[in-house]
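The values are calculated or read from the model by the stated rules, or taken from the named source; none is laboratory data. Given the structure is predicted, the values throughout are model-derived calculations rather than measurements. Virtual Cβ from ideal backbone geometry, glycine too; neighbours counted across all protein chains shown.
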């Protein structure tokens with residue numbers, strides 16, 4: 001037995017020592033997620049949110065977006081699709097004979113807890129998302145999310161917004177992360193597979209390098225299982241049916257930054273007679289107190305002169321362009337009406 005293993009075994013029984021050992025053992029599970037968080041290479045600094053005129057005014061006056069509860073997202077059935085993809089991927093992991101038997105308990109634990117948590121997730125911050133896109137003038141977005149082409153697309157400087165999140169994270173304040181939606185079924189299943197394989201690799205590495213003690217091996221298995229589960233829960237809202245691929249959606253997800261996943265400040269709004277839970281995401285520049293607007297695009301089915309007057313009135317009322325050079329350009333959609 002190596003020196004590290006002898007020391008670890010000798011110190012077993014001390015709960016704080018086990019906890020310290022877990023914290024000092026770096027997992028590779030969380031590294032997997034970075035490959036799926038990359039912003040598309042052809043994306044500019046401007047990300048877009050399509051909405052109605054009323055939505056546009058509400059966003060500018062509030063200074064942010066609503067991160068809506070996962071079961072009340074606009075695209076009907078999308079969450080059911082994501083759950084099926086994850087369940088199928090976990091079932092395939094159970095059937096693999098090239099992995100150790102621990103795969104069975106890992107898959108079963110994830111599946112049981114996933115179904116339980118997702119059915120009771122309103123208090124979970126990862127159950128809320130706000131939607132953006134890298135596409136600034138896209139027909140399906142106009143039809144589905146901007147009052148059938150009569151609404152507005154808000155172009156935001158995401159570099160400014162994300163830089164502010166880095167500062168908030170470093171200060172221990174709540175922040176949000178931005179990641180692309182995954183539309184390809186093969187890649188969706190690949191994400192779950194890679195998280196699973198990384199978790200098993202971490203268990204094997206701990207056994208080989210840190211300790212052979214059964215209590216510590218159980219502790220690391222529980223630690224790894226929790227991390228795999230947390231990552232799956234955090235990413236399930238970024239799995240969407242391939243038929244939506246043309247939207248090229250990016251999603252903002254709140255992070256409480258307090259060591260928990262508890263949602264803070266849940267609010268509600270009314271939609272079609274139903275109370276919809278949401279979390280407010282403040283996107284304002286901390287210096288100007290205003291949104292980092294780059295461009296406002298008027299929908300292809302709107303009267304541009306009329307919409308221009310409306311947009312300018314809102315911008316004037318909120319002081320955009322007075323002192324901070326933050327007056328956005330206002331342009332009509334280049335698409336034909338439909």
Quiz item: residue 94 fails exactly one of the following numbered conditions: (1) touching a residue at least 24 places away in the same chain (Cβ under 8 Å); (2) surrounded by 14 or more Cβ atoms within 10 Å (Cβ to Cβ); (3) farther than 30 Å from residue 337 by Cβ. What is the number of that condition?
Solution: (1)
Quiz item: Out of all the residues in the stretch 234-245, is one or more more than 30 Å from residue 111 (Cα to Cα) and touching a helix residue (DSSP H, G or I) at 6+ places or on another chain (Cβ under 9 Å)?
Solution: no
Quiz item: Which residue pairs have Cβ atoms under 6 Å apart, sit 6 or more places apart or on different chains, and have a first residue in the stretch 29-47 that is on the phi < 0 side of the Ramachandran plot and a second that is part of a loop (DSSP other than H, G, I, E, B) and at pLDDT 90 or above?
Solution: 40/134; 43/134
Quiz item: Which strands (runs of 3 or more DSSP E) does the stretch 244-318 wholly contain that include 2 or more residues that are over 30 Å from residue 37 (Cβ atoms)?
Solution: 274-282
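Results for (1) crowded, with 19+ Cβ neighbours inside 10 Å; (2) over 27 Å from residue 299 (Cα atoms); (3) modelled with pLDDT under 90; (4) in contact with a helix residue (DSSP H, G or I) (Cβ under 7 Å, 6 or more places away or on another chain), shown as yes or no for each residue.
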| residue | (1), (2), (3), (4) |
| --- | --- |
| 44 | no, no, no, no |
| 48 | yes, no, no, no |
| 58 | no, no, no, no |
| 62 | no, no, no, no |
| 68 | yes, no, no, no |
| 71 | no, yes, yes, yes |
Quiz prompt | Candidates 268, 313, filtered to the one that is surrounded by fewer than 16 Cβ atoms within 10 Å (Cβ to Cβ) and touching a strand residue (DSSP E or B) at 6+ places or on another chain (Cβ under 6 Å) | solution = 268
Quiz item: What number of residues in the stretch 120-143 are under 18 Å from residue 79 (Cα atoms) and either in contact (Cβ under 8 Å) with a residue 24 or more places away in the chain or touching a strand residue (DSSP E or B) at 6+ places or on another chain (Cβ under 7 Å) (or both)?
Solution: 12
Quiz item: Between residues in the stretch 144-170 that are at positive phi and residues that are modelled with pLDDT of 95 or more, which pairs lie under 6 Å by C-beta distance while being six or more apart or on different chains?
Solution: 147/52; 149/142; 149/299; 149/300; 149/301
Quiz item: Among 283, 252, which is the only one that is at pLDDT 95 or above, within 18 Å of residue 128 (Cβ to Cβ) and touching a helix residue (DSSP H, G or I) at 6+ places or on another chain (Cβ under 7 Å)?
Solution: 283
Exercise. Determine whether the stretch 50-60 contains at least one residue that is over 19 Å from the mean Cα position of the chain (by Cα), closer than 24 Å to residue 248 by Cα and in a strand (DSSP E or B).
Key: yes
